[in-house]
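Asker: I'd like to ask you about the structure that follows.
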Amino acid sequence: MTEQPIQTPCPELSIAEPSIIVIFGSSGDLTKRKLIPSLYNLAKYGLLSPDTAIVGVARRESSTELFREQLTDAINQFGTQKIDPALWAKFREKIYYCQGDFDNPATYKQLSELLAEVETKHHTKGNALFYLSNLGLDDLGVPLAQQKLLRQVI
């Protein structure tokens, strides 16, 4: 069953295809202050598919539930619009977390397994967007991340 958007700002804009948005370096400030509020706003305006899921990847020890709690605190602090509790509850359930070191092959195997699970659960049709935060780029180097992604996840 497809959820109805809260409101549509421009009828000529179309809803994005369902996908998994993977955020490398997701424990950082950018995710809390900018990315999650922006993605929530897209969902609120009906421009993000209700089947879109978010997977955070970072070195910091955490879990999916703890990550969801941290992002709930962040959206309440940094959200640019009034937060609809019912919409946030649905949005939050589509957020996942994968902990691991970027230079460890086991991280990418774990991520690959999580992506397969999320794809099945949310019917994302194999669509994925990989976001490498600036902090992650400084720490691991773009070529290394791209090589591991291509070999293990895609």
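The values are calculated or read from the model by the stated rules, or taken from the named source; none is laboratory data. Just so we're clear, the structure is a prediction, and the values are computed from it rather than from any experiment. Counting neighbours? That spans all protein chains shown, and the Cβs are built from the backbone with ideal geometry, glycine included. For the accessible areas, the whole protein counts, side chains as well, though only heavy atoms, and no ligand, DNA or RNA atoms are used. Shrake-Rupley method; radii C 1.70, N 1.55, O 1.52, S 1.80 Å.
Asker: How many residues does the range 80-93 hold that are closer than 18 Å to residue 23 by Cβ and either open to solvent by 30 Å² or more (accessible area, probe 1.4 Å) or hydroxyl-bearing (Ser, Thr, Tyr) (or both)?
Answerer: Number of matching residues: 2.
Asker: Do you know which residues across the range 96-120 are part of a helix (DSSP H, G or I) and touching a Lys or Arg at 6+ places or on another chain (Cβ under 9 Å)?
Answerer: Within the range 96-120, 105, 107, 108, 118, 119 meet the criteria.
Asker: How about the range 58-84: which of its residues are in contact with a strand residue (DSSP E or B) (Cβ under 8 Å, 6 or more places away or on another chain), modelled with pLDDT of 95 or more and either over 24 Å from residue 99 (Cα atoms) or aliphatic (A, V, I, L, M) (or both)?
Answerer: Of everything in the range 58-84, those that are in contact with a strand residue (DSSP E or B) (Cβ under 8 Å, 6 or more places away or on another chain), modelled with pLDDT of 95 or more and either over 24 Å from residue 99 (Cα atoms) or aliphatic (A, V, I, L, M) (or both) turn out to be 66, 71.
Okay, residues lined up against (1) modelled with pLDDT under 95; (2) under 16 Å from residue 129 (Cα atoms); (3) open to solvent by 80 Å² or more (accessible area, probe 1.4 Å); (4) among the β-branched types (Val, Ile, Thr):
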position	(1), (2), (3), (4)
11	yes, no, yes, no
18	yes, yes, no, no
21	no, yes, no, yes
25	yes, yes, no, no
42	yes, yes, no, no
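Asker: In the list 62, 26, 49, which residue meets the criterion of being in a loop (DSSP other than H, G, I, E, B), under 11 Å from the mean Cα position of the chain (by Cα) and in contact (Cβ under 8 Å) with a residue 24 or more places away in the chain?
Answerer: Being in a loop (DSSP other than H, G, I, E, B), under 11 Å from the mean Cα position of the chain (by Cα) and in contact (Cβ under 8 Å) with a residue 24 or more places away in the chain holds for just one of 62, 26, 49, which is 26.
Asker: Where the second residue is basic (Lys, Arg) and at pLDDT 95 or above and the first is at negative phi and lies in the range 66-89, which pairs have Cβ atoms under 6 Å and are six or more apart or on separate chains?
Answerer: 68/92
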